[in-house]
Amino acid sequence: MSRRSRQAVLAPSVPPRTVDAVQQLGFDAMPTKLIKVTPAKLATWADCPRRYRMAYLDRPTPPRGGAFAHNTLGAVVHNALRALFDQPPARRTPAAAAALVGTHWVGEGFADDRQAARFRELAAGWVSDYVAEHLPDAAVTEPVGLERWVSAPVGTIVAEGRVDRIDLRGDELVIVDYKTGRHVLSTDDARGSQALALYAVAARRTLRKPCYRVELHHLPSGTVASWEHTEESLARHRGRAEESAADIQLAVDTLAAGGDPDVLFPANPGRQCSWCDFRRSCPAGQAAGPAAKPWELLERRG
């Protein structure tokens, strides 16, 4: 592969200095082995290559920061909904869902007990309303996957990950992803989600059923944003994932061969540095701005 072709393949995910480092170390071809990727890994790489290195490569792993309340809130809601499906269908009531929020409640990251209590009440209301309006009718269908790990070799990657819920509607699978963020989600969010597309690709291989529909279930607003993929749209998402995976693997291989970690995995300073888990180990992130308070991303909720 020529210098220009290699730069075209690597940019913009890997900076030009990375290309030079790769050439100096004699890597003349992209890796041919299948590369395992998850949506979380791909998102971390796109967000900040240095954060990717700290999270997945550095050993020992640099110390992480404390819990953030918005992550705690999301985990509680996910756990409550997961536990609800362990109940017989007749007991999957709005009241039972709200009670499960209390059962799974964790107060980490909140400003104080008063704030935690307020969001505990909000979360109970979210899941109660969700169950009343959107829970699948058990007489018609039961989820075929809850927190289900799916995996499939496709092209040059193995796409895998854990899906919140997989429904079987008629003869087709539907990917369901719960969201608890501040912003209401749209059809464009569902269509553009690489994570949902990769889940669809992996789920149909794992469960041997067609899978094209993906849904984002936004608990705070009680809305569902959906998209019906085609083979072409799934292929586009897969292609972008393959490109990112190749960039990651090339950087990893070059690092193993003695490459400079700061060149291969550069920091990407920005607003996200304020709540990065590895902020304390990253001078560039610290210089980007002040650290966020653990409850800061809850503002303007409720």
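Among residues of the stretch 258-295 being touching a Phe, Trp or Tyr at 6+ places or on another chain (Cβ under 7 Å) and aromatic (Phe, Trp, Tyr), the one that is surrounded by the most Cβ atoms within 10 Å (Cβ to Cβ) is Phe265. A Cβ distance below 8 Å, combined with a sequence gap of six or more or placement on separate chains, defines the contacts here; from the stretch 117-130, residues that are farther than 12 Å from Gly107 by Cα reach residues that are polar (S, T, N, Q) in the pairs Ala123/Thr180; Trp126/Thr180.
Yes or no, residue by residue, for (1) touching a residue at least 40 places away in the same chain (Cβ under 8 Å); (2) on the phi > 0 side of the Ramachandran plot; (3) among the hydroxyl-bearing types (Ser, Thr, Tyr):
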{"residue": "Gln194", "(1), (2), (3)": "yes, no, no"}
{"residue": "Ala200", "(1), (2), (3)": "no, no, no"}
{"residue": "Ala203", "(1), (2), (3)": "yes, no, no"}
{"residue": "Thr206", "(1), (2), (3)": "yes, no, yes"}
{"residue": "His217", "(1), (2), (3)": "yes, no, no"}
{"residue": "Ser221", "(1), (2), (3)": "no, no, yes"}
{"residue": "Ala225", "(1), (2), (3)": "yes, no, no"}
{"residue": "Thr230", "(1), (2), (3)": "no, no, yes"}
{"residue": "Ala235", "(1), (2), (3)": "no, no, no"}
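State whether the residues of the stretch 119-132 include one that is part of a helix (DSSP H, G or I), open to solvent by 30 Å² or more (accessible area, probe 1.4 Å), touching a Gly at 6+ places or on another chain (Cβ under 9 Å) and basic (Lys, Arg). So far as the stretch 119-132 goes, yes, one or more of its residues are part of a helix (DSSP H, G or I), open to solvent by 30 Å² or more (accessible area, probe 1.4 Å), touching a Gly at 6+ places or on another chain (Cβ under 9 Å) and basic (Lys, Arg).
Taking the criterion of being within 23 Å of Ser193 (Cβ to Cβ), open to solvent by 20 Å² or more (accessible area, probe 1.4 Å) and part of a loop (DSSP other than H, G, I, E, B), the only residue of the stretch 39-76 that qualifies is Phe68. Among the residues of the stretch 133-162, those identified as closer than 30 Å to Ser244 by Cα, open to solvent by 40 Å² or more (accessible area, probe 1.4 Å) and of a type in the set (Gly, Ala, Ser) are Ser151, Gly155.
List the helices (runs of 4 or more DSSP H) inside the stretch 171-257, counting only whole elements, that have at least 2 residues being crowded, with 19+ Cβ neighbours inside 10 Å and at pLDDT 95 or above. Don't jump to the end; show me each part of the working.
Working: elements: 187-192, 194-207, 231-256.
Answer list for the stretch 171-257: 194-207, 231-256.
The values are calculated or read from the model by the stated rules, or taken from the named source; none is laboratory data. Since the structure is predicted, the reported quantities are computational estimates derived from the model, not experimental observations. So basically every Cβ, Gly included, is an ideal-geometry build from the backbone, and we count neighbours across all protein chains shown. All accessible areas refer to the heavy atoms of the entire protein, side chains included, with ligands and DNA or RNA removed. Shrake-Rupley method; radii C 1.70, N 1.55, O 1.52, S 1.80 Å.
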